[in-house]
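One structure below.
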Amino acid sequence: MYSKEEKLSLLSEMIQFAKVDNDFKEQEYDFIVTIAVQLGVTKEEVDNLVKNGADKKNLQPESQRILQFHRLVLLMNVDREISPPEIHGIKDIGLQMGLRPEAVDTVLKEMHKYPDKVIPPKVLIAIFTRFYN
């Protein structure tokens with residue numbers, strides 16, 4: 001599904017996002033490592049990304065960008081604290097991904113209706129579908 005470069009890029013993006021509030025928490029790191037393992041990337045590779053980052057690769061198709069946005073929403077909520085820099089950062093990332101701002105704003109509003117702000121994938125997809133039709 002993803003090339004090695006795409007995997008490293010999306011994990012690097014998650015790490016950069018986790019650092020946006022200048023407080024890279026252990027829960028955020030653990031979540032990123034869990035995603036990395038699912039993608040076939042080692043903890044050592046994640047540690048290297050924490051130090052050095054990776055080149056940005058734009059994900060295609062749009063469904064992959066929406067999935068990555070969902071990962072970022074989950075990451076933002078993993079520590080149960082949402083800071084203004086995180087909200088600003090996730091909106092910027094959504095725009096850079098080419099996602100509709102209205103859909104991004106709706107996801108950020110709707111997530112508060114769910115336990116631990118974990119918006120179900122079906123709800124997320126329904127939101128994006130509504131704004132793209």
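The values are calculated or read from the model by the stated rules, or taken from the named source; none is laboratory data. Here the structure is a predicted model, which means the values were calculated and not measured. Please note: Cβ atoms are built from the backbone with ideal geometry, for glycine as well, and neighbour counts cover all protein chains shown. The accessibility values were calculated without ligands, DNA or RNA, using every heavy atom of the protein model including side chains. Shrake-Rupley method; radii C 1.70, N 1.55, O 1.52, S 1.80 Å.
Pulled fully out, how much extra length does the chain show between residue 126 and residue 39, if you take 0.36 nm times their separation in residues and subtract their Cα-Cα distance?
Working: separation 87, 0.36 × 87 = 31.32 nm, distance 2.49 nm.
Working it through step by step, the gained length comes to 28.8 nm.
I need the calculated FRET efficiency for the pair residue 57 and residue 80, taking r as the beta carbon distance and R₀ as 30 Å, to the nearest 0.05.
Numbers: r = 30 Å, r/R0 = 1.02.
Approximately 0.50, to the nearest 0.05.
Charges only on Cβ, +1 for Lys and Arg, -1 for Asp and Glu: so what's the dipole of segment 1-112 about the Cα centre, in debye to the nearest 20?
Details: 14 positive and 20 negative charges, 57 e Å.
With Lys and Arg at +1 and Asp and Glu at -1, about 280 debye.
Of the heavy-atom accessible surface of the chain (probe 1.4 angstrom), what whole percent is carbon and sulfur?
Working: 3900 of 7280 Å².
Heavy-atom surface of the chain belonging to carbon and sulfur, 1.4 Å probe: 54 percent.
Ordered by residue, what ³J(HN,Hα) values in Hz, to whole numbers, does segment 115-130 give under the Karplus form 6.51 cos²θ - 1.76 cosθ + 1.60, where θ = phi - 60° and Gly and Pro are x?
The phi angles translate into x, 6, 6, 8, 6, x, x, 4, 5, 4, 5, 4, 4, 5, 4, 4 Hz.
How high is the relative contact order of the chain, given as a whole-number percent (alpha carbon pairs under 8 Å, six or more residues apart)? All intermediate terms of the calculation are to be shown ahead of the outcome.
Values: 109 pairs, mean separation 34.5, N = 133.
Relative contact order, the chain: 26 percent.
Leaving out ligands and nucleic acids, and using a 1.4 Å probe, what accessible area per residue does segment 1-95 come to in Å²?
52 Å²
How far is it, in nm, from the label point at residue 26 to the one at residue 1 when both lie 7 Å from their Cα along the line to the Cβ?
Distance between the two pseudo-spin positions: 3.0 nm.
Between residue 95 and residue 109, what is the label-point separation in nm under the 7 Å Cα-to-beta-carbon projection?
So the two model labels end up 1.9 nm from each other.
Got a sec to turn the phi values of segment 63-79 into Karplus ³J(HN,Hα) couplings, 6.51 cos²θ - 1.76 cosθ + 1.60 with θ = phi - 60°, whole Hz, x for Gly and Pro?
Ordered by residue, 3J(HN,Hα) equals 4, 5, 5, 5, 4, 5, 4, 4, 4, 5, 4, 4, 4, 4, 9, 5, 9 Hz.
Rounded if a/c is under 1.5, else prolate if a/b beats b/c, else oblate: with a ≥ b ≥ c from the C-alpha gyration tensor eigenvalues square-rooted, which is segment 12-57? Don't skip to the answer; put the middle values down first.
On the way: a/c = 1.76, a/b = 1.19, b/c = 1.47.
It is oblate, given that a/c is not under 1.5 and a/b is not larger than b/c.
Would segment 36-104 count as rounded, prolate or oblate if I go by the C-alpha gyration tensor, calling it rounded below 1.5 in a/c and otherwise prolate when a/b exceeds b/c, oblate otherwise?
Working: a/c = 1.81, a/b = 1.29, b/c = 1.41.
It is oblate, given that a/c is not under 1.5 and a/b is not larger than b/c.
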